[in-house]
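Heads up, the thing below is written out as structure tokens.
The values are calculated or read from the model by the stated rules, or taken from the named source; none is laboratory data. From a predicted model like this one, the values you see are computed outputs, not experimental measurements. Cβ coordinates were reconstructed from backbone atoms using ideal geometry, including for glycine residues, and neighbour counts include every protein chain displayed.
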Amino acid sequence: MTTAPRTAVIGLGAMGLPMATRLAAHLPVTAYDIAETRRALVTKAGGSAATSPAEAAENADIVLLAVRDQSQVEGALFAKHGAAESLRSGTTVILTSTVGPEAARTTAARLAESGILTVDAPVSGGPVRAGDGDLLIVVGAEDKALDLARPVLDLLASTLTVVGPRPGDGQALKAINQLLAGVHIAAAAEAVALARGLGLDPATVVESLRHGAAGSFMFADRGPRMVETYEDGPDPEVKSRLDIFVKDMGIVTGIARDAHVPVPLASAAQQLYLLGESFGLAAHDDSSVVTVLSPRSINSPAQNGDGR
């Protein structure tokens, strides 16, 4: 493609918005989200706004989906006023959402019936890195589709790994990424909860351990937000909703079951996120899962002077 591809971005949530604004600085971008305020932010960044997925995809060379789950993927593409109404044969759809291998394959097969190519490209790295073009993107796509999507992917990724030639291959690797991320957050929550239970200052514990062998990206990133959860003032900013890990750990345990691979740590972490959801934390930052293990109002025996 010799000219900058006309790109539609559908879904302007925590990841979709910074990706759209990043792309709008380099490519002609038209974006859609149900929230008008999110569309206005893309316009401010130099893009254009549409009032439906179909309008956003009109005349687009590439459509990037950044919605939450497979239900929203199907709605964005195939519902009334969905993008599929406007897509031409040869258009490339980039699926950045984490939906699981089978869902990606099903979506790609349905689009292929109309001559539309699919690049399975789930992303990882968080909103700040999305805005900086510093994402990890893992890809499952045939060469033709990948070549067409490269101008967009190269603007978003600092690390681009081609896993295989089929949609669904990227989702498989992303599920492994989410297994590790979900378990690491759960482990961080246990560490902070135990620190509180022992009467230690959680902030000191996090700052000390994040630099050592026990540290991880998730501990260094979520640990301070877990500490913030217990401080007076508003809850931490929602950078990654807890119910995202309810979804993603469900994908992990589901595909592991189908592959007959035991994943006891992922299964335990999944239960922790489900408990958080049942406690009303679905729309809170995923770091809030620590309060399932150590409620805000409970003091430890050490803090109460009871050493037994």
Flagged in segment 191-201 as closer than 21 Å to residue 269 by Cα and either among the aliphatic types (A, V, I, L, M) or buried (at least 17 other Cβ atoms within 10 Å of the Cβ) (or both), in numbering order, are 191, 192, 193, 194, 195, 196
Note to self: Based on this model, can you work out whether residue 246 counts as on the phi < 0 side of the Ramachandran plot and either modelled with pLDDT of 95 or more or of a type in the set (Phe, Trp, Tyr) (or both)?
What the structure shows: yes
The number of residues in segment 236-255 that are touching a residue at least 60 places away in the same chain (Cβ under 8 Å) and in a helix (DSSP H, G or I) is 9
The number of residues in segment 121-152 that are crowded, with 23+ Cβ neighbours inside 10 Å and closer than 17 Å to residue 9 by Cβ is 8
Per the filter on segment 45-104, residues touching a residue at least 60 places away in the same chain (Cβ under 8 Å) and part of a loop (DSSP other than H, G, I, E, B) are 61, 68, 69, 96, 97, 98, 99, 100
Could you tell me whether any residue of segment 277-288 is touching a strand residue (DSSP E or B) at 6+ places or on another chain (Cβ under 9 Å), farther than 14 Å from residue 189 by Cα and either of a type in the set (Ser, Thr, Tyr) or modelled with pLDDT under 95 (or both)? no
Within segment 111-133, residues modelled with pLDDT of 95 or more, under 19 Å from residue 178 (Cβ atoms) and in a loop (DSSP other than H, G, I, E, B) come out as 121, 122
Of the listed residues (233, 215), the one being part of a loop (DSSP other than H, G, I, E, B) and on the phi > 0 side of the Ramachandran plot is 233
From the option list 222, 166, 196, single residue qualifying as under 14 Å from residue 293 (Cβ atoms), touching a strand residue (DSSP E or B) at 6+ places or on another chain (Cβ under 9 Å) and not hydrophobic (A, V, I, L, M, F, W, C) is 222
Residue 235 vs (1) of a type in the set (D, E, K, R); (2) closer than 25 Å to residue 279 by Cα; (3) at pLDDT 95 or above: all pass except (3)
- [ ] Scan segment 145-157 and give yes if some residue there is at pLDDT 95 or above, under 18 Å from the mean Cα position of the chain (by Cα), in a loop (DSSP other than H, G, I, E, B) and over 18 Å from residue 6 (Cβ atoms), otherwise no.
- [x] no
- Can you spot a residue in segment 16-37 that is part of a helix (DSSP H, G or I) and more than 20 Å from residue 149 (Cα to Cα)? yes
The one condition residue 42 fails out of (1) more than 26 Å from residue 171 (Cβ to Cβ); (2) surrounded by 24 or more Cβ atoms within 10 Å (Cβ to Cβ); (3) out of contact with any Ser or Thr (no Cβ under 9 Å at 6 or more places or on another chain) is (3)
